[in-house]
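One structure below.
The values are calculated or read from the model by the stated rules, or taken from the named source; none is laboratory data. Everything quoted here is computed from the prediction, not taken from an experiment. Cβ: placed from backbone, ideal geometry, glycine included. Neighbour counts: every protein chain shown. We work out accessible area using only protein heavy atoms, side chains counted, and drop any ligands, DNA or RNA first. Shrake-Rupley method; radii C 1.70, N 1.55, O 1.52, S 1.80 Å.
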Amino acid sequence: MKKVFAKTSNVTEFVSAMNRLHGRQDGIPGMSLLYGEPGLGKTRTCLWWCAQNNGAFIRTKKLMNGRWLLEEIVGELGEAPQRRISDIFRQAVERLLERPTTLFIDEADYLAHDARVIETLRDLHDTTGSPIVLIGMDQADKKLLRFKHLYDRFGEIVKFQTLTQADVKSIADQMCDVKLSDDAVHYIHSQANRFRRVVVHLYKAEAIARANSLKEIKAEHLSGVKK
Amino acid sequence: MTVILGKQRDNREKIWKVIRVLREFSIGEVSILVNASGQVISSYLFHLQNAGYVRQSGLRKEADGRNHRLYRLAKNTGPKAPVPCRCIYDPNLDNATVSEGKDVD
């Protein structure tokens with residue numbers, strides 16, 4: 001099994017959205033929303049992007065208010081937050097103008113209860129032009145729709161979907177050392193539509209291929225294990 | 001030489017960034033996200049663990065059916081990655097000396 005970050009259709013869509021966000025023309029808003037059910041790898045994908053590129057990752061907390069959020073942002077940008085909230089905001093703006101960084105706000109739904117917090121992010125984006133990506137659960141788009149001014153600034157909205165059969169095939173092609181036949185891919189997809197479960201099946205397929213010196217794994221080999 | 005050092009620093013920054021976000025992580029997990037070999041990750045984690053930045057927090061059975069060691073970040077000091085350096089600590093003088101002869105407090 002190859003240890004690589006498998007690029008599913010969700011990941012490709014996210015990456016192209018990020019490319020569009022960074023190559024956007026003046027006047028086009030640079031905020032983005034990424035949402036989907038839990039367990040689809042939203043945080044992982046953003047973290048992977050963040051590790052390869054220049055990004056700061058902020059995990060929100062349920063109790064977070066505007067001040068706390070700004071303190072976290074300034075801390076992530078490498079500065080010690082000052083005392084007054086106006087100074088902290090200024091610090092954040094200065095740092096972002098000096099060195100544009102994409103901000104990832106994880107679990108942004110937590111902030112949806114307080115308009116002032118969420119609008120602070122909009123202010124930060126408007127003053128600096130720095131891209132901000134909000135990551136939310138399923139229905140996050142509906143929750144944030146209330147904030148009209150914020151919603152208008154979402155240049156890109158990406159919804160993470162459960163894995164399709166084509167995704168399972170592409171994961172197998174990228175990670176698995178043995179070849180899987182189409183019916184095997186279909187079988188795995190019928191059994192699992194989450195990334196982690198698919199990988200478990202791929203490991204099984206590799207073990208079967210090794211034990212039986214097989215070049216290609218078919219559905220009957222995989223379903224045989226169950227019995 | 002500078003290229004190698006640059007790459008090392010780059011890897012450290014990436015690893016530090018990733019482990020600060022993941023609450024609990026295995027070496028394999030980090031190596032996929034950072035796109036570096038498991039050896040690079042474990043050697044940096046070894047230094048971090050010695051200095052008390054991360055601690056081992058148990059085992060988890062992963063997709064390959066084996067148990068993998070889990071780590072947890074114990075000291076989240078900020079966005080800049082801690083730099084391991086070779087030094088000798090002298091309890092008589094209560095200071096640490098880097099191998100080149102510079103003092104570290």
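Here are the numbers for the structure shown:
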| quantity | calculated |
| --- | --- |
| Approximate spin-label separation A:T127-A:S223, in nm, with each point projected 7 Å along Cα-to-Cβ | 6.2 nm |
| Residues with amide H under 5 Å from that of B:H68, placed H, sequence gap 5 or more | B:R60, B:K61, B:E62 |
| Most fluctuating residue given options B:Y53, B:Y71, B:Y89, as computed from a GNM of chain B linking Cα atoms under 10 Å | B:Y89 |
| Per-residue [θ]222 nm for chain A (sum of -39500 (n - 2.57) over DSSP H runs n ≥ 4, rounded to 500) | -16000 deg cm²/dmol |
| At most 10 other Cβ within 10 Å, DSSP loop - trypsin sites (Lys or Arg not before Pro), the range A:68-138 | A:R83, A:R84 |
| A:E119-A:Y151 pseudo-label distance in nm [points 7 Å out on the Cα-to-Cβ vector] | 1.6 nm |
| Nearest 10 degrees, 0 to 90: helix A:182-191 Cα axis against chain A principal axis | 60 degrees |
| Helix-only CD estimate at 222 nm, as mean residue ellipticity for chain B, using -39500 (n - 2.57) per DSSP H run (n ≥ 4) | -12500 deg cm²/dmol |
| Cα gyration tensor shape of the range A:165-223, rounded if a/c is under 1.5, else prolate or oblate by comparing a/b with b/c | prolate |
| For the range A:155-165, 3J(HN,Hα) per residue [Karplus equation, 6.51 cos²θ - 1.76 cosθ + 1.60, θ = phi - 60°, Hz, x = Gly/Pro] | x, 10, 10, 10, 10, 7, 10, 5, 5, 8, 5 |
| Whole-Hz ³J(HN,Hα) from phi, Karplus 6.51 cos²θ - 1.76 cosθ + 1.60, for the range B:30-44, glycine and proline x | 5, 5, 5, 6, 8, 6, 9, 6, x, 5, 4, 5, 5, 5, 5 |
| Equivalent ellipsoid dimensions for the range A:9-159 as semi-axes, Å, which come from the Cα gyration tensor, largest first | 22, 17, 15 |
| Stokes-Einstein D for the range A:75-227, Kirkwood Rh over Cα pairs, 25 °C, 0.890 mPa s (µm²/s) | 128 µm²/s |
| Surface accessible to a 1.4 Å probe, A:W48 within the full protein complex, Å² | 30 Å² |
| Computed label-point distance, nm, for sites B:R23 and B:D90 using a 7 Å Cα→Cβ extension | 4.5 nm |
| Dipole magnitude of the range A:117-220, debye to nearest 20 (Cβ charges: Lys/Arg +1, Asp/Glu -1, about Cα centre) | 280 debye |
| Area accessible to solvent at B:C85, 1.4 Å probe radius, in Å² | 80 Å² |
| For the range A:38-125: accessible area per residue (Å², 1.4 Å) | 45 Å² |
| Heavy-atom accessible surface that A and B bury in contact, both chains counted, 1.4 Å, Å² to 100 | 1700 Å² |
| Cβ-derived FRET efficiency at R0 22 Å, B:N35 paired with B:V83, nearest 0.05 | 0.60 |
| Rounded if a/c under 1.5, otherwise prolate or oblate - the protein assembly as shown, Cα gyration tensor axes | oblate |
| 13 Å cut-off, amide nitrogen to a point 7 angstrom out along A:S9 Cα→Cβ, residues in the range A:153-195 | A:159-171 |
| The range A:165-223 - accessible surface per residue (Å², probe 1.4 Å) | 52 Å² |
| Length gained when the stretch A:E216-A:K179 is fully extended (0.36 nm per residue, less Cα-Cα span) | 12.8 nm |
| For the range A:186-227 versus the range A:12-52, the gap between their alpha-carbon centres in whole angstrom | 32 Å |
| Most mobile of A:A80, A:A192, A:A112 in a GNM of chain A (Cα contacts under 10 Å) | A:A80 |
| GNM flexibility winner over chain A from A:K61, A:K148, A:K42 (Cα, springs under 10 Å) | A:K148 |
| Exceeding the 20 Å Cα-Cα cut-off - candidates A:K3/A:K179; B:K14/B:K75; A:K62/B:K75; A:K62/B:K17 | A:K62/B:K75; A:K62/B:K17 |
| Gyration tensor verdict on chain B (Cα atoms; rounded if a/c is under 1.5, prolate if a/b is larger than b/c, oblate otherwise) | prolate |
| Distant-in-sequence amide H partners of B:A74 (H built 1.01 Å from N, under 5 Å) | B:V54, B:R55 |
| Amide hydrogen neighbours beyond the local backbone of B:S37, cut-off 5 Å, H modeled | none |
| Residues of type lysines that A:K42 reaches as a straight line, Cα spacing below 16 Å, ignoring anything fewer than 8 places off in the same chain | A:K7, A:K159 |
| Under Karplus coefficients 6.51, -1.76 and 1.60, residue-wise ³J(HN,Hα) of the range A:116-129 in Hz, glycine/proline x | 5, 5, 5, 6, 5, 5, 5, 4, 4, 5, 5, 7, 10, x |
